[in-house]
1. Please work out whether the range 14-75 counts as rounded, prolate or oblate from its C-alpha gyration tensor, where a ≥ b ≥ c are the square roots of the eigenvalues and a/c under 1.5 means rounded, while otherwise a/b larger than b/c means prolate and anything else oblate?
2. Explain nothing, just compute: Karplus ³J(HN,Hα) = 6.51 cos²θ - 1.76 cosθ + 1.60, θ = phi - 60°, for every residue of the range 56-73 in order, whole Hz, x for Gly and Pro.
Amino acid sequence: MSSTNGHDTSMRAALATAEAVASRPSPADKFNIDREGPAKRSAKLRALQQRFQRLNEYFDEAAAEIRASLERSPR
């Protein structure tokens, strides 16, 4: 199949497909979850755990203050 300017469009399509396939990560790379190493992931998880713990404490305190203010308010 040729275009009107003489270039083979099927060849262009094949080259574009080959380039797209080559730029995709391999299945091994795509599913490799150990890119950063266990120590780095462990540190990130520990930091997240501490952050969530602080948020949980903050929300517990805020809920306690709200409950206390509701008990103080006249009905």
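1. Numbers: a/c = 8.95, a/b = 2.81, b/c = 3.19.
Judged from the Cα gyration tensor, the range 14-75 comes out oblate (a/c at least 1.5, b/c at or above a/b).
2. 4, 5, 4, 5, 4, 5, 4, 5, 5, 5, 5, 4, 5, 5, 5, 6, 6, 5
Read-outs throughout are calculated quantities, based only on the coordinates presented, and are distinct from any laboratory measurement. The structure displayed is predicted, hence computed values, not measured ones.
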